[in-house]
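Every number in this text was worked out from the coordinates using simple rules, so none of it is lab data. A quick note: this is a predicted structure, and the numbers were derived from the prediction, not measured. When we count neighbours, we look across all protein chains shown, and the Cβ atoms used for this are built from the backbone with ideal geometry, even at glycine.
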Amino acid sequence: MGVLTDYFRAADAATVVRALELRDGGLPPLDGDGSSDEAFDGAFDGVEAKGVDPDVLLGQLVAAALGEPWRVDLVTETAVWPTTPKPGPSGPEDEDDPWATGPWAAELGTAARDALAGVPDERVPEVVGRWAEAEEWDGADQSDLLPLAEELISLARRARAAGEQLYCWMSL
């Protein structure tokens, strides 16, 4: 079973929560055309990135963009969905708890957005080459990862230019 992971941009967490409430937690379709529709009759501008979790794989891309080693706290996240209180250290008490079943959405820290947005075009192949070395990719070829990295970098640039945040939506 893989984790579905989408990255998108939005003005704020309240906008994301409103959209998720309208769709019972399901992310509105991603339009990928560089536009963001806050009226929700369209879609969020985003990227489908199945299995690219924010902590490790996106964190590895951010580390490559910054030219520094990966560390677990490189991409900070603030949960925005579910909106119920987060369970304690022992986890959800009920298997039907939305924290156990998902979907989940989190706002990513501006440092990750800005690191990706700040990658100059001429450095993208170098950054992707370093990203491809992450052991989690299990030997993936740089040319296979280049389109996804370019989409994520472009999304971060559009978010920064619009004064928006990056968000991650995940589901099992």
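Each label was represented as a point 7 Å from its Cα along the Cα-to-Cβ direction; for D144 and V56 these points are 1.6 nm apart. Structural descriptor for the chain: relative contact order 32 percent, calculated from alpha carbon pairs under 8 angstrom and at least 6 residues apart.
Between region 130-171 and region 45-120, the alpha-carbon centres lie 13 Å apart. Between V72 and K86, what is the spin-label point distance in nm, taking each point 7 Å from the Cα along the Cα→C-beta axis? With each label placed 7 Å out from Cα toward Cβ, I get 1.4 nm.
Placing unit charges on the Cβ atoms only, positive for Lys and Arg and negative for Asp and Glu, gives region 74-165 a dipole magnitude near 600 debye about its Cα centre. Efficiency by 1/(1 + (r/R0)^6): what FRET value for S171 and E126, r their Cβ-Cβ distance, R0 = 41 Å, to the nearest 0.05? Taking R0 as 41 Å, the efficiency between S171 and E126 is 0.80. Remark: spin-label model distance R23-V3 equals 1.9 nm, labels positioned 7 Å along the Cα→Cβ axis.
The stretch between A11 and D97, if pulled fully straight at 0.36 nm per residue, gains 28.2 nm over its current Cα-Cα span. Rounded to the nearest 20, the Cβ-based charge dipole of the chain about its Cα centre (Lys and Arg +1, Asp and Glu -1) stands at 480 debye. So in the chain, what percent of DSSP beta bridges are antiparallel if you round to the nearest 5? Among the beta bridges of the chain, antiparallel pairing accounts for roughly 95 percent.
Only one residue of C168, V124, V17 has its Cα farthest out toward the positive end of the dipole of the chain, where Lys and Arg carry +1 and Asp and Glu -1 on Cβ, and that residue is V124.
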